[in-house]
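The values are calculated or read from the model by the stated rules, or taken from the named source; none is laboratory data. This structure is a prediction, so every number in the text was calculated from the model and none was measured. Using ideal geometry, Cβ is built from the backbone for each residue, glycine included, and neighbour counts are taken over all protein chains shown.
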Amino acid sequence: MNFDFPTILFLASLVTGIIWLADVLIWKPKRNQDQKEPTLVEYARSFFPIILIVLLLRSFLFEPFRIPSGSMMPTLLDGDFILVNKYAYGIRLPVVNKKIIEIDQPKRGDVVVFRYPVDPTTDYIKRLVGLPGDRIEYIQKTLYINGKPLEYQNEDIYVGKGTGVSYTGTRVREENMGNIKHKILVREGSLNAAYTCMKNGTLFVVPPGHYFMMGDNRDYSNDSRFWCAVPDKNLVGRAFMIWMHWGADGIDSSRIGNSIN
């Protein structure tokens, strides 16, 4: 079950704030000086500022997420705890997700958290590879953008550990996406799937106001190749740092504080 935590925070701040305000304006003036403050009012007064601060921080500044799968390996591992910049692409009102202040536009190569178009109550994280109007092709493990193939540099064979051990044997490649160079995994020798959202299984033109997302673990990622582009309204923010890793093998201190490229 997916819990809509922002909505829960909003409702909790609203309820505790109303109770506290009602006490200040209505109930407190009627109480005798020696009469004890009701327990409900005491809790509301204590928790309202805390809940409100958490709501504001998560809504407008930074939000923590946990990586639950290997679709973004080797960039992000199952068990990474990351921070997401919520204002990178503009300020949005909580709950309704309406953008009220434009700050910056998503850039090709960004690692983005967004609400899954098939089920908006679920958060996904992928790399943004296609901007509105881009012609995206994926042929024989090579990504083409507007007819031009990206540059790749083969590196070592990947050796996984913990929950990533099943990906041992995949090839590590460095993918050059202009200003962004990052690592991806590909399973050499395997055939491309017939991607549902790509014409003839290989081509997709990104519609206006949408973005094409792909996982860095290219052969093991449920992404825009299968469920098409992500609308701008679904964007949550840009992932920028790993603040903790707690996986199957425990805490990996070498990943703490790493930036996400």
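Of the strands (runs of 3 or more DSSP E) lying entirely inside the stretch 52-167, those carrying at least 1 residues that are of a type in the set (D, E, K, R) and within 18 Å of the chain's Cα centre (by Cα) are 62-66, 80-85, 99-101, 111-115, 123-130. In the set (1) within 23 Å of Ala229 (Cα to Cα); (2) touching a residue at least 40 places away in the same chain (Cβ under 8 Å); (3) not polar (S, T, N, Q), Tyr167 fails one condition alone, (1). Reported count of residues in the stretch 176-196, each being closer than 15 Å to Leu143 by Cα and either surrounded by 15 or more Cβ atoms within 10 Å (Cβ to Cβ) or in contact (Cβ under 8 Å) with a residue 60 or more places away in the chain (or both), is 12. Could you tell me whether any residue of the stretch 219-238 is basic (Lys, Arg), outside any strand (DSSP E or B), assigned by TED's automatic domain parsing to the domain that holds Lys98 and at pLDDT 95 or above? The answer is yes; a qualifying residue exists. Restricting to the stretch 56-77, and then to whatever is in contact with a helix residue (DSSP H, G or I) (Cβ under 9 Å, 6 or more places away or on another chain) and among the polar types (S, T, N, Q), can you tell me which residue is farthest from Lys99 (Cα to Cα)? For the stretch 56-77, the residue satisfying everything is Ser69.
Where residues in the stretch 86-98 are of a type in the set (Lys, Arg) and closer than 26 Å to Leu76 by Cβ, which of them is surrounded by the fewest Cβ atoms within 10 Å (Cβ to Cβ)? Once the filter is applied, the top-ranked residue is Arg92. Checked against the criterion of being without any contact (Cβ under 8 Å) to a residue 60 or more places away in the chain, outside any loop (DSSP other than H, G, I, E, B) and crowded, with 20+ Cβ neighbours inside 10 Å, the stretch 201-210 contains not a single residue that satisfies it.
The rows are residues; the columns are (1) in the same structural domain as Asp249 (by TED's automatic domain parsing); (2) surrounded by 14 or more Cβ atoms within 10 Å (Cβ to Cβ); (3) of a type in the set (Ser, Thr, Tyr); (4) over 28 Å from Met244 (Cα atoms).
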position: Val15; (1), (2), (3), (4): no, yes, no, yes
position: Ala22; (1), (2), (3), (4): no, no, no, yes
position: Glu37; (1), (2), (3), (4): no, no, no, yes
position: Arg45; (1), (2), (3), (4): no, yes, no, yes
position: Ile50; (1), (2), (3), (4): no, no, no, no
position: Phe81; (1), (2), (3), (4): yes, yes, no, no
